[in-house]
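Asker: Got a structure for you, questions after.
Only the coordinates and a few stated rules stand behind these numbers; no lab work does. This is a predicted model, so every value here is computed, not measured. Heads up, the Cβs are rebuilt from the backbone with ideal geometry, glycines too, and the neighbour counts pull from every protein chain shown.
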Amino acid sequence: GPPRAGEGDAGGPPWERWLSRPAARLPWFSSLAVAVIQQVGTGFAAHGQPDRVPVDLFARALLLIGPLFMVVRHRRPALAVFGASIATTVYLAAGYPYGPVYFSTVITCFAAVLAGRRRAAWGALALLWTGQALVSHWLYRWLPPSGDGPGGWASGSGTAAWLLVVLAASELVR
């Protein structure tokens, strides 16, 4: 028979059709919460790191990109984890303050592993670690902040250990 009012795309007010579409079921709230945490947390973290590049509009945009990729983490987990990882890598390579910038990458990594996209999760976190190692040991001469010296292998090992903990925890949850 013909569709009743409010069913499908044929009848009912437009907002009912919009809310019935799959896009309405995307994880907007959690992504917004992570965006707020990354923005506010980084603002607080920046006060204790005067030697880092001050947080500007570009840094704020990079802090929003990771949570934006979180929105598609259930439908496109590989895209989400690589997008968040690249945004985090660019943010750190630009010399901005450390803080909760990893949060969206961790969540997208969990989502990718839970969705069975292990290679994507491992690859994205390997990309993040490799990017940080390159910046810390080779590219620091040309990147901000000026006067920055080479990073120690201990800090790179600590980052690698945390990334492995995230991967192991997501594998255990799966």
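Asker: Which value in nm describes the separation of the simple spin-label points at Arg75 and Ala61, placed 7 Å from the Cα toward the beta carbon?
Answerer: In this crude spin-label approximation the distance works out to 2.4 nm.
Asker: Starting from the amide H of Val53, placed 1.01 Å from N in the peptide plane, find each other amide H under 5 Å away whose residue is 5 or more places distant or on another chain.
Answerer: Long-range HN contacts for Val53: Tyr96.
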